[in-house]
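Step one of this worksheet: look at the structure below.
The values are calculated or read from the model by the stated rules, or taken from the named source; none is laboratory data. What you see is a predicted model, and the numbers here were worked out from it, not measured in a lab. We work out accessible area using only protein heavy atoms, side chains counted, and drop any ligands, DNA or RNA first. Shrake-Rupley method; radii C 1.70, N 1.55, O 1.52, S 1.80 Å.
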Amino acid sequence: MNTPDIDVRVCEVGLRDGLQALSHFFPTEEKIAWLRAEFEAGMTEIEVTSFVPPKLVPQFADAQPLVAAATAIPGLTVVALTPNLKGAERGFELGVHKLNYVLSVSRTHNLKNVRREREESLADFARIAEAARRQPRKPWLVGGLSSALGCSYEGPIALDEVLNWGVALAEAGADELMIADTVGYANPALVRRTFKALMDAVAPLPVSAHFHDTRGLGLANVLAALDCGVRRFEASLGGLGGCQFAPGATGNIVMEDLCFLLDSMGMRTGVDLDRLVRVREIIARNLPGQALFGGLARAGLPPLYIPAARRGAVHNQLTSTTP
């Protein structure tokens with residue numbers, strides 16, 4: 001899943017995570033315009049939908065045409081969230097390249113999010129991994145650890161619990177693990193401690209990060225994860241998103257600001273920052289009144305700014321630990 005000439009892989013999750021809790025249906029043709037525009041801005045990995053029953057989340061009733069449009073774009077890694085084996089089978093059929101599956105380390109959040117015990121979620125993931133191995137083109141499977149850095153219901157989460165469920169997902173067949181700060185509970189010290197411990201426990205399996213900016217520490221937590229060697233991050237254009245099953249879980253970190261942070265440090269993402277910011281216009285015209293966040297969109301690039309891709313070889317010492 002590594003891309004040449006990219007030092008850090010970023011994945012846009014706004015089309016799924018950013019829209020899932022909205023009552024207003026974002027038109028399918030406008031979703032397609034969004035993903036095409038963001039791909040043209042250099043975003044090579046986009047989570048486009050979730051395979052949940054439309055009666056539960058009407059926003060994803062158009063999963064099939066959206067995936068069809070996305071998979072027709074050469075060079076785009078098409079990602080989808082699957083809550084269970086049935087959803088994964090839809091993903092296999094439609095040719096999704098990467099499937100995200102979420103297990104909450106917090107028992108309470110898992111019960112509210114997917115209405116089952118963590119042990120049941122783990123067993124279902126094992127069935128998905130077994131079914132994936134039988135596919136002519138096996139999709140990449142990500143085992144997500146939701147509420148791994150804190151929970152609105154249970155408070156702090158024990159590190160042993162994160163390691164227990166993370167190792168279990170790895171052993172069940174995950175190609176990658178993701179630590180998610182679902183409610184923006186984390187701080188840089190907690191991020192360093194948790195990521196280092198899990199990465200040591202499951203090496204050489206890659207570990208990625210999904211941060212929220214609920215309490216303003218999202219990008220600080222990105223820096224802490226970079227210190228640990230993480231080179232895979234999810235974010236959302238304009239900071240859209242938040243878990244409807246976790247009180248107080250406001251938006252994801254802003255994709256534009258994440259890409260600027262990385263680029264300013266000399267780390268290449270493959271994303272054109274100016275073009276990325278302009279994609280926000282598609283969201284604004286379809287979600288009038290919806291708050292969009294981001295410092296880069298507000299202030300613009302610094303005068304005479306030179307993108308990392310034009311500065312020659314990456315010079316930041318963080319890149320020396322790229323997995």
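Roughly how large, in nm² to one decimal, is the mean projection of the convex hull of the alpha-carbon atoms in the range 1-147? Write down the numbers at each step before the final one.
Numbers: hull surface 36.1 nm².
That works out to 9.0 nm², a quarter of the Cα hull's surface.
Considering only protein heavy atoms, what per residue accessible area in square angstrom results for the chain with a 1.4 angstrom probe?
I get 41 Å² per residue for the chain.
Kindly work out what percent of the DSSP beta bridges joining two residues of the chain are antiparallel, to the nearest 5.
Just about 5 percent of them are antiparallel.
Dividing the convex hull volume of the alpha carbon atoms of the chain by its residue count, what do you get in Å³ per residue?
Details: hull volume 39.4 nm³, N = 323.
Per-residue hull volume (Cα only) is 122 Å³.
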Ranked by GNM mean-square fluctuation in the chain (Cα springs under 10 Å), the top entry among 232, 115, 36 is 115
In the chain, carbon and sulfur make up what percent of the accessible area (probe 1.4 Å)? 54 percent
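For the chain, what does -39500 (n - 2.57) per DSSP helix run (n ≥ 4), summed and divided by total residues, give at 222 nm, in deg cm²/dmol to the nearest 500? Walk me through the numbers before you get to the answer.
Values: 12 runs with 124 residues, N = 323.
When only DSSP H runs of four or more count, the value is -11500 deg cm²/dmol.
Mean projection of the alpha-carbon convex hull of the range 1-77 over all orientations, in nm²? Mind showing how you got there, number by number?
Values: hull surface 21.1 nm².
Hull-based average projected area comes out at 5.3 nm².
Would you check the chain for Lys pairs whose C-alpha atoms are within less than 20 Å, ignoring same-chain pairs closer than 8 in sequence, and give me the count? Intermediate values should be presented prior to the final figure.
On the way: 31/55; 31/98; 55/86; 55/112; 86/98; 86/112; 86/138; 98/138.
For the chain, the number of qualifying lysine pairs is 8.
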Computed on alpha carbon atoms, what radius of gyration and Dmax characterise the range 133-265, expressed in Å? 14.5, 44
